[in-house]
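Every number here is computed from the coordinates shown, using simple stated rules; none is lab data. Values in this document were obtained by computation on a predicted structure and should not be read as measured data. Heads up, the Cβs are rebuilt from the backbone with ideal geometry, glycines too, and the neighbour counts pull from every protein chain shown.
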Amino acid sequence: MKLLIISSAPLIVSEKNWKAYSPYAKELEIWQHNSKEIMFCCPIWTDDRGLLSTALPFNIDEINKLIEFKSTSFYSALKSIFAVIINLLKIFKAMKTADHIHLRCPGNVGLLGCIVQLFFPKKKKSAKYAGNWDPNAKQPLSYKLQRWILSNTFLTKNMTVLVYGEWPNQTKNVKPFFTASYSENDKKPVALRNFNGIVDLIFVGTLSAGKRPFYVLQLAEKLLKRGHNVRLKFFGEGPERAKLQDYIHLNNLTESVFLLGNKGKEEIKSAYQTSHFLILPSQSEGWPKVVAEAMFWGCLPIATPISCVANMIGTDRGGLLKLDLDKDCELIENLMVNFDVYNQKSENAMNWSRFYTLEKFDAEIKKLLVK
């Protein structure tokens, strides 16, 4: 079975083998070993441009290089027309030879794939919508168009659309799905936390405005001012780093707040295992892997109720941010003083997350491809 993956996510040139964004690479490995041949339609980068990348542990049978495009100015819009035409032709040609077409949405390339797949109603297809599928979410027009095409069973045939979260009034081809980071072998016991010493808060992700790392910093500062012995560690890099660094120094927080940059999987896992809270006040998410990963190790997530986050956390597996410093501070304080409540939520979070293992993900992908 020849699997075609169409994605805006780049493949990165490497001396020995191709590389890709690390979480994406792990997922690609599972898709690949459930197919006989794998080919791509995607952009190609000659270096990782600061992206946390990993070598792909398999050979790629065919790569159709797509042209990256933007339309932020008149000149770039003109260039985009040329890029779109070339990309459409390449995607069409690749789809003709594929047995299973897999789209990665939303994104510019995903939109082109959504359009071209209409001409192949008899081919087996799947799409992973990695963004927010919430019908009421504010999203770009191109995202809404992709959602409409994918869920329109009159236009789109033989398609299974994998989305994060369970949403009402969906078409029959829309299937709630998940992402996994850990295997059955990772289900190791976790020591109970206590609040007798330092209370560790962590942020894991890109230091970008959309992830609101500055709000996490303000929340930690508020807790410190209220007399709590908290320590905040940021894992990740991004454009907000300088702003965070300046604030930390100007407000004498250097002994309580640490910018640790990008770290490997094992170091992040260790942080999950020993920290009390993961704080994630994102503006937008699909399936936030860091929330599921923290839950796997009993680190309680405190996050904004966007996309499927409210489903993941529920009422007894963490806390939902209101983006009000006083109220969010009180939420964490209540968990800190109610030790039994914290530990019960921590255990509930672990039990929920440990259901979604790599083995289960593998089995679901296999069923999708042999369907």
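Odds and ends about this structure:
- Tensor-based shape of the range 1-152 (alpha-carbon gyration tensor, a/c under 1.5 rounded, otherwise prolate or oblate): rounded
- Where labels lie 7 Å past Cα in the beta-carbon direction, separation of residue 241 and residue 86 in nm: 3.2
- Shape of the range 185-353 from the C-alpha gyration tensor: rounded (a/c under 1.5, with a ≥ b ≥ c the square roots of its eigenvalues).
- DSSP-defined beta bridges in the chain - what % are antiparallel, rounded to 5: 10
- Beyond 27 Å in Cα-Cα separation lie the following of the pairs 2/211; 138/269; 222/322; 65/123; 243/327; 16/175: 2/211; 138/269; 16/175.
- Degrees separating the helix 339-353 axis from the principal Cα axis of the chain, which is the longest one: 10
- Helix 241-250 and the longest principal axis of the Cα set of the chain meet at an angle near 10°.
- In units of the compact-protein estimate 2.2 N^0.38 Å, the range 96-198 shows a Cα radius of gyration of 1.42.
- Taking packing as the residue-averaged number of other Cβ atoms within 10 angstrom, the listed peptides 328-340, 126-138, 249-261 run from highest to lowest as 126-138, 328-340, 249-261.
- Charge dipole of the range 185-353 about the Cα centre (unit charges at C-beta), most positive-ward option of 298, 264, 196: 264
- Residues whose placed amide H lies under 5 Å from that of residue 63, excluding near-sequence neighbours: 40
- Gain upon complete extension [residue 273, residue 354; 0.36 nm per residue less C-alpha separation]: 27.8 nm
- Check: the range 304-371 dipole with +1 on Lys, Arg Cβ and -1 on Asp, Glu Cβ, in debye: 560
- Computed from Cα positions, the angle between helix 74-97 and the longest principal axis of the chain comes to roughly 70 degrees.
- Shape category assigned to the range 26-95 from the gyration tensor of Cα positions, a/c cut at 1.5: oblate
- Peptide packing for 117-125, 216-224, 191-199 was compared via the average number of neighbouring C-beta atoms within 10 Å per residue; ordered from the highest value, the list is 216-224, 117-125, 191-199.
- The range 322-336 residues near the modelled residue 310 label - backbone nitrogen below 20 Å, point 7 Å along Cα→Cβ: 322-325, 327-329, 331-332
- Dipole magnitude for the range 185-353: computed about the Cα centre from +1 point charges on Lys and Arg Cβ and -1 point charges on Asp and Glu Cβ, it is near 200 debye.
- Local net charge near residue 17, Cβ-Cβ under 14 Å (Lys/Arg +1, Asp/Glu -1): -2
- Once Rg and Dmax of the Cα atoms in Å is calculated for the structure shown, the corresponding label among (1) 21.7, 70; (2) 21.7, 65; (3) 20.7, 63 turns out to be (2).
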